[in-house]
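Here is the structure we will look at.
The values are calculated or read from the model by the stated rules, or taken from the named source; none is laboratory data. Not measured: the values here are computed from a predicted model. Methodologically, a virtual Cβ is constructed for each residue, glycine included, from the backbone with ideal geometry; neighbour enumeration extends over all protein chains shown.
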Amino acid sequence: NGEKRSQGGLRLIVTGIDNDYQETIRNFSDGSFYSMDMPPGRYTIEVDPAQLGFLSAHMPEGPRVFEVRALADGDFIEDLSIIIEPLPDVEEVPEPIVAEVPPSITPADTLMPAGYYLQIGVFPKAIMAEESRKKASDITGRPFQIREHDRLDLYVVFTGGIVDVGEARDLHASLVDKGFHGAFIRKHTGRRMLDPDALLTDIIRSDVPTYLPKEHLVFEEAAIGDQYYVVLNLFSTIYRAETARKLAIQSMDAAFFIRYCEEERLFEVFSHMMEDAQEASSYLAHLMKDGFLVARVHSGPMPGPEPMRYQIQLASHHTENQAKEHLESIRETIPVSLAVEYDDFTGRYALRTESYPTIPEASKVLHKIRGIGDFSTAFIISSPRIAAIPIIHVSGD
């Protein structure tokens with residue numbers, strides 16, 4: 001009715017805006033209150049929300065803001081009134097304004113729990129990832145999460161810590177049935193980086209191209225004189241690309257290669273060139289049937305994309321003469337062709353083998369060299385050398 005009266009016994013919460021100060025004080029029966037020894041700064045004061053709920057009341061003006069100034073004799077604040085009113089009838093209560101809460105995103109370097117890991121896609125915007133996260137959670141009844149991609153400015157939607165592979169397969173099937181065709185399963189050992197050999201071979205997927213637009217062409221018609229080749233996918237690490245390459249070879253009993261895409265900073269796995277469009281189409285159908293659901297056919301002039309090759313580096317020296325002397329002293333010992341090459345990365349002269357077309361071939365030579373003399377520290381590099389992978393680690397490193 002517009003009449004104001006004092007309300008005693010209220011709990012008033014004082015919170016610092018510019019500091020960590022917090023205090024709860026009670027007011028007197030006449031409504032007055034006080035606090036002493038507060039440091040300078042800005043503060044808010046409000047009635048305890050729990051008490052307001054018990055009284056069916058609210059603060060129409062919201063929390064009050066005040067400032068304690070840094071004066072020589074201290075500051076004194078008065079006439080700071082706090083008004084509470086009964087809540088209006090239900091039909092008069094305005095609709096609450098719900099703030100848009102940004103999705104919770106797990107940092108890329110967070111350790112994952114051991115077990116099976118189901119990923120549904122990678123997205124360029126957090127809001128897109130959040131929509132898919134909610135949908136996947138509703139479909140499966142299992143909480144999905146969002147994490148930052150380990151190398152790219154993308155968002156990964158996943159659920160982890162699945163103990164039973166049968167459960168993981170059932171979840172995967174239910175998601176694919178509802179349109180998540182890029183979903184895939186990995187077995188995680190509890191380490192930060194996933195072991196590429198832990199990919200389940202019957203449902204191999206990459207973790208990147210699921211964000212490609214729907215209008216992305218699966219089959220690109222070749223221009224006159226061009227030939228076709230099948231691209232499996234783009235991969236964030238060379239180890240994942242190598243795993244996919246091996247699985248594709250098992251699937252097709254044919255050669256597949258890896259190249260580094262400088263612009264995307266990703267690794268692409270692709271087939272040999274094919275003159276016949278029907279052959280390329282048959283390759284695509286076979287690979288998709290074996291689980292490479294985002295494979296597509298590209299075209300281009302011969303000889304096609306230049307694949308990565310691999311060398312073993314045995315040692316390096318400050319000067320070219322030192323490197324050549326070292327080469328002559330071991331030439332008869334090492335059973336492969338060696339040469340001295342200048343390394344732009346280090347500014348040194350390196351002793352390197354000829355290049356090999358695949359990591360497994362280079363790895364066989366590496367293990368032979370490590371068993372000879374003082375070359376236990378020899379390692380594999382890409383040719384040409386790529387900043388993203390200065391050293392390629394293999395089993396036994």
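If a residue has to be at pLDDT 90 or above and of a type in the set (Lys, Arg) to count, how many in segment 298-342 make the cut?
Summing the residues that are at pLDDT 90 or above and of a type in the set (Lys, Arg) in segment 298-342 gives 2.
In segment 64-84, how many are acidic (Asp, Glu) and more than 16 Å from residue 45 (Cα to Cα)?
Initially, segment 64-84 is screened for residues acidic (Asp, Glu), giving 67, 73, 75, 78-79.
Pick out the ones that are also more than 16 Å from residue 45 (Cα to Cα) and you get 73, 75.
Result for segment 64-84: 2.
On the basis of being in contact with a Pro (Cβ under 9 Å, 6 or more places away or on another chain) and farther than 20 Å from residue 355 by Cα, does residue 308 make the cut? Can you show your working first?
On the way: in contact with a Pro (Cβ under 9 Å, 6 or more places away or on another chain): yes; farther than 20 Å from residue 355 by Cα: no.
So residue 308 fails the test.
Applying the selection to segment 149-199, what residues are modelled with pLDDT of 80 or more and touching a Gly at 6+ places or on another chain (Cβ under 6 Å)?
Within segment 149-199, 157, 161, 162, 163 qualify.
List every residue pair whose Cβ atoms sit under 6 Å apart, with the two residues 6 or more apart in sequence or on different chains, where the first one lies in segment 367-383 and is more than 14 Å from residue 332 (Cα to Cα) and the second, anywhere, is at pLDDT below 90 and loosely packed, with under 14 Cβ neighbours inside 10 Å.
Qualifying pairs under 6 Å: 370/376; 379/391.
Going through segment 306-337 one residue at a time, which ones are touching a strand residue (DSSP E or B) at 6+ places or on another chain (Cβ under 9 Å) and surrounded by fewer than 16 Cβ atoms within 10 Å (Cβ to Cβ)?
The first filter runs over segment 306-337 and keeps only residues touching a strand residue (DSSP E or B) at 6+ places or on another chain (Cβ under 9 Å), leaving 306-327, 330-331, 334, 336-337.
Selection gives 306, 318, 319, 320, 321, 322, 324, 325, 331, 336, 337.
Identify, from the list 139, 203, the residue that is in contact with a helix residue (DSSP H, G or I) (Cβ under 7 Å, 6 or more places away or on another chain), modelled with pLDDT under 75, crowded, with 17+ Cβ neighbours inside 10 Å and farther than 18 Å from residue 237 by Cα.
Numbers: 139 fails: modelled with pLDDT under 75.
None of the other options fit; the residue is 203.
What are the residues in segment 28-54 that are more than 16 Å from residue 15 (Cα to Cα) and touching a strand residue (DSSP E or B) at 6+ places or on another chain (Cβ under 8 Å), if any?
Scanning segment 28-54 gives 51, 52.
Check whether at least one residue in segment 349-368 is more than 40 Å from the chain's Cα centre (by Cα), farther than 27 Å from residue 256 by Cβ, of a type in the set (A, V, I, L, M) and buried (at least 19 other Cβ atoms within 10 Å of the Cβ), and report yes or no.
Scanning segment 349-368, I find no residue that is more than 40 Å from the chain's Cα centre (by Cα), farther than 27 Å from residue 256 by Cβ, of a type in the set (A, V, I, L, M) and buried (at least 19 other Cβ atoms within 10 Å of the Cβ), so the answer is no.
Just one of (1) over 13 Å from residue 295 (Cβ atoms); (2) modelled with pLDDT of 85 or more trips up residue 248, so point out which.
The one condition residue 248 does not meet is (1).
Cβ-Cβ distance below 9 Å, separation of 6 or more or different chains: which pairs start in segment 54-66 with a residue that is at positive phi and end on one that is among the hydrophobic types (A, V, I, L, M, F, W, C)?
Here the result reads 56/87, each pair linking segment 54-66 to a residue that is among the hydrophobic types (A, V, I, L, M, F, W, C).
Residues to consider are 63, 86, 39, 49; find the one that is modelled with pLDDT of 80 or more, farther than 30 Å from residue 128 by Cα and loosely packed, with under 10 Cβ neighbours inside 10 Å.
86
Determine which single condition residue 360 fails, assuming it passes every other condition in (1) assigned to a helix (DSSP H, G or I); (2) in contact with a strand residue (DSSP E or B) (Cβ under 7 Å, 6 or more places away or on another chain).
(2)
Six or more apart or on different chains, Cβ atoms under 6 Å: show the pairs whose first residue is in segment 241-252 and in contact (Cβ under 8 Å) with a residue 24 or more places away in the chain and whose second is in a helix (DSSP H, G or I) and among the basic types (Lys, Arg).
Short answer, once both residue conditions are applied: none.
Inspect all residues belonging to segment 325-337 and state whether any of them is farther than 20 Å from residue 233 by Cα and small (Gly, Ala, Ser).
yes
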